[in-house]
Amino acid sequence: MAALKKLIAGNWKMNMLATDGVALARAISAKANGASCDLLVCPPATILRSVAEALADTDVAVGGQDCHEAESGAFTGDVSAAMVGDAGASHVILGHSERRHGLDESDARVRAKTVAAHGVGLIAIVCIGETEAERDAGRTLDVLSAQLGGSLPDSGVSGTNTVVAYEPVWAIGTGRTPTLEEVEAAHTHIRTTLGAALGGEAAAIRLLYGGSMKPENAGPLLAVANVDGGLIGGASLDAESFLAIAAADAS
Ligand code: PEP
């Protein structure tokens, strides 16, 4: 199978009011033409629609940062998958470590959210990754297997509705990254594990690396086997650095 087109996704987290978010989206889309990668920005839910409207008819897609697994109901403060889609998103990040570890989200919950996202036609970006203690204990690959097995639905997972993001928890927002060999080992393991569950379809699922990816280290990280793009936090809040990461893709 030919190499997958890379996806560079920005996770804006809890940053940006409408004016700044729309300006950032416009600054990215103004220079997105000719990028060799697909580009995606994931603003906070409050400005999803404004950013989606600003990016309509551009090459930059929009995603949510989370959704609830229920269709509707008494879940104060939450948004459903349909609401995320209704606001203009095509993608949704699920199981980010800041939710798994900060808000105790389990694999089962991430799986239920993934089912909900697929149910309304959203592409789920399912995040997995080991803590530093798990890496130090030599458990990285086991943790990734368990999170994949627990977080992905039993059926219907394909390259058109699912992206997997490998994000070592200890690398997020810290300026630290695994070695290229460690990234390759993790991504190869994820591809193999997906293959055991999904057969040939595993080759069509994009695997993103996330964790302190910056313009300075993006080239080598994006060149690692089985790395099909990046999920970018801090460096996605500036149009120039986000686009420089995309430009570092040599494929
Ligand atoms: C993230 O939050 O998904 C992330 C990778 O953050 P950062 O790039 O800031 O490490």
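Tabulated values for the structure
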item	result
Selected residue (criterion: most open to solvent (accessible area, probe 1.4 Å)) from residues of region 127-146 that are among the charged types (D, E, K, R) and in a helix (DSSP H, G or I)	Asp136
Given (1) touching a Ser or Thr at 6+ places or on another chain (Cβ under 7 Å); (2) more than 23 Å from Gln65 (Cα to Cα); (3) modelled with pLDDT of 95 or more, index of the condition Ala223 fails	(1)
Test set (1) in contact with a strand residue (DSSP E or B) (Cβ under 9 Å, 6 or more places away or on another chain); (2) in contact (Cβ under 8 Å) with a residue 12 or more places away in the chain - Gly73 fails condition number	(2)
Qualifying residue in region 12-19 (condition: within 16 Å of the ligand (Cβ to nearest atom) and either under 17 Å from Val126 (Cα atoms) or among the hydroxyl-bearing types (Ser, Thr, Tyr) (or both))	yes
Region 27-36, subset closer than 18 Å to Ile232 by Cβ and at pLDDT 95 or above, residue farthest from the ligand (Cβ to nearest atom)	Ser29
Subset tally (residues that are hydrophobic (A, V, I, L, M, F, W, C) and either closer than 18 Å to Ile172 by Cα or open to solvent by 40 Å² or more (accessible area, probe 1.4 Å) (or both)) for region 1-25	11
Cβ pairs under 7 Å, 6+ apart, first in region 163-181 and under 16 Å from His101 (Cα atoms), second open to solvent by 10 Å² or more (accessible area, probe 1.4 Å) and β-branched (Val, Ile, Thr)	Val169/Thr131; Trp170/Thr131; Ala171/Thr177
In region 211-220, the residues that are in contact with a Ser or Thr (Cβ under 9 Å, 6 or more places away or on another chain) and either closer than 12 Å to Leu180 by Cβ or open to solvent by less than 20 Å² (accessible area, probe 1.4 Å) (or both)	Gly211, Ser212, Met213, Asn217
Verdict on Asp59 being touching a strand residue (DSSP E or B) at 6+ places or on another chain (Cβ under 7 Å), closer than 27 Å to Pro168 by Cα and acidic (Asp, Glu)	no
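The values are calculated or read from the model by the stated rules, or taken from the named source; none is laboratory data. Because the structure is predicted, anything quoted here is derived from the model rather than measured. Backbone-built Cβ (ideal geometry, glycine too); neighbour counts: all protein chains shown. Each accessible area value is taken on the protein alone, full model and side chains, heavy atoms only, with ligands, DNA and RNA left out. Shrake-Rupley method; radii C 1.70, N 1.55, O 1.52, S 1.80 Å.
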